[in-house]
Every structure is written in C-alpha cells, then in structure tokens.
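Chemist: Structure provided below as structure tokens; questions to follow.
The values are calculated or read from the model by the stated rules, or taken from the named source; none is laboratory data. Since the structure is predicted, the reported quantities are computational estimates derived from the model, not experimental observations. Reconstructed Cβ throughout: ideal geometry from the backbone, glycine too, with neighbour counts over all protein chains shown.
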Amino acid sequence: MKKSKICDAEELRLQWLVNFKLPNYWKKIGWALLSLSFALIILTKFLDGDFSVIISILKKITLLGLLIVVISKEKIEDELMENLRGKAFSFSFIIGVVYVLVQPLINYLVFVILKPQKARFEDLGDFQILWFLLIVYLTAFWFLKRRNA
Amino acid sequence: MKNTIKVERAILNLTQDELAQEIGVSRQTINSIETNRYVPSTLLSLKLSKLFNKPVNDFFKLEDND
C-alpha cells in the first residue's frame, strides 16, 4: 500500500475517533441509566446493611449514564453544536481543575471551623471529580444551547 | 463581522427553518448567524453563497474591529 494511502486511512480513523458520537436515541438510555442508578444509590442510604460494593458499581453506572448523555448527538447535530460542545468542554475542564484544587481546601477549612478534631486534608475521589466534570459540561452545554435558541 | 443573511433570506422568501433545511443545519444555527452570535464555517458560508447565488462577500462584511 502506498504511504499516502496509509496516511489517509490513519487520518480517517483519527477523525472517526475524534468525532465519535452516539445516535440521539442513546441520550434517553443515558438519562434512564443515570436516574435509575442515582435512585438506587439514594435508596441504599435508607436501608440497613453493607452496600459498599453495590454502591461502587452503581456509581460507575451513574458515570456511564452521564457519559452516554454527553456523547449522544443532538436531534440536529451541526457545526454550531460542535462549536458549543467545544466551548462547554473547555469551560468544564478549567472549572474541573479549579474544583480539584480548591474543594479539598474548603472541606478542610469547614472541618477546622466545625469539628477541629476531625480536620484532615483529603483529596477528592475519582467519582466526585468525574461526576463534577460531566455535570458542569452538561450544564454549560445546556446554557449555551439555550442562549443560542 | 456583520451579515445580511436575514435580507437575503427575505429576498428568497424563506423562513429560518426553511433556510436551515436547505443547507442542512438547525434553525438555531441560522438564528445565531443572523444575530451575529456565531460565525459560520467556510463550508456553510459557501453553501449559503450557492443558495443565494451570490459571492460570500456580498452578505458577510468585515467590520473595522475585525
């Protein structure tokens, strides 16, 4: 195979990967997964017993649901939507980094004020960071869409 | 950059929705372009040019601060 053809094929594969999105109907599936897993997490709080493994799985399903919503196409996915997605991603990324840096500090200060004996500096968990990033992305994207309606 | 898409659309007697369907975008996109909130890509500009049967420069104008 010629070198130029190999480069073209690589480029096509890269473009497919970068622009990959699920069809619009996946959005409903994503919301359903998210709602169901979130409701079950809440439910476990009211039940007795050790649900740590189940909660851990449910948290992953929640993130999966959110991810599906994020990468599902709009009803009409055109260049404006691509543009708004880009803006929402960059905004959520910046806010996410700031959140990771600032939130543990705020948690620590709140504990110092309210319960000094329990005050400990702890970094955020992966679920909390990813959940925050995806939620901020969805909120920013929704706001930008509304602004452009 | 300012544009006269609204005028060109009126000349062809098209609604935002109809224009959007002609060039394969959403009504939102046309509205955003008309209100100068979004600058379209070269591809979309050329589609508009083809539809209006006019050069792009006729309906997109650079402003002093561009």
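Chemist: Give the number of residues within the stretch B:32-66 that are facing another protein chain (nearest Cβ under 8 Å), within 19 Å of A:LYS87 (Cα to Cα) and under 9 Å from the mean Cα position of the chain (by Cα).
Modeler: The total comes to 1.
Chemist: Here's something else I'd like to know. Output the helices (runs of 4 or more DSSP H) that fall wholly within chain B and possess 1 or more residues being of a type in the set (D, E, K, R) and within 18 Å of A:ALA149 (Cβ to Cβ), or say none.
Modeler: Working: elements: B:5-11, B:16-23, B:27-34, B:42-52, B:56-59.
Helices (runs of 4 or more DSSP H) meeting the threshold: B:5-11, B:16-23, B:27-34.
Chemist: Give the stretch A:89-108 a look and list any residue that's over 17 Å from A:ALA119 (Cα atoms) and either outside the structural domain of A:LYS145 (by TED's automatic domain parsing) or loosely packed, with under 12 Cβ neighbours inside 10 Å (or both), or say none. Before you say what the answer is, go through the steps one by one.
Modeler: As a first pass, look at the stretch A:89-108 and keep what is over 17 Å from A:ALA119 (Cα atoms): A:89-101.
Hits for the stretch A:89-108 are A:ILE94, A:VAL98, A:LEU101.
Chemist: What single numbered condition from (1) polar (S, T, N, Q); (2) more than 14 Å from chain B (Cβ to nearest Cβ); (3) out of contact with any Lys or Arg (no Cβ under 9 Å at 6 or more places or on another chain); (4) without any contact (Cβ under 8 Å) to a residue 60 or more places away in the chain fails to hold for A:ASN83?
Modeler: The failed condition is (2).
Chemist: Additional query: Can A:LEU22 be described as within 22 Å of B:VAL25 (Cβ to Cβ), touching a residue at least 40 places away in the same chain (Cβ under 8 Å) and touching a Leu at 6+ places or on another chain (Cβ under 8 Å)?
Modeler: Working: within 22 Å of B:VAL25 (Cβ to Cβ): yes; touching a residue at least 40 places away in the same chain (Cβ under 8 Å): yes; touching a Leu at 6+ places or on another chain (Cβ under 8 Å): no.
Taking the combined requirement at face value, the residue does not satisfy it.
Chemist: Answer yes or no as to whether A:LYS145 is within 14 Å of another protein chain (Cβ to nearest Cβ) and not in a helix (DSSP H, G or I).
Modeler: Details: within 14 Å of another protein chain (Cβ to nearest Cβ): yes; not in a helix (DSSP H, G or I): no.
No: the conditions fail for A:LYS145.
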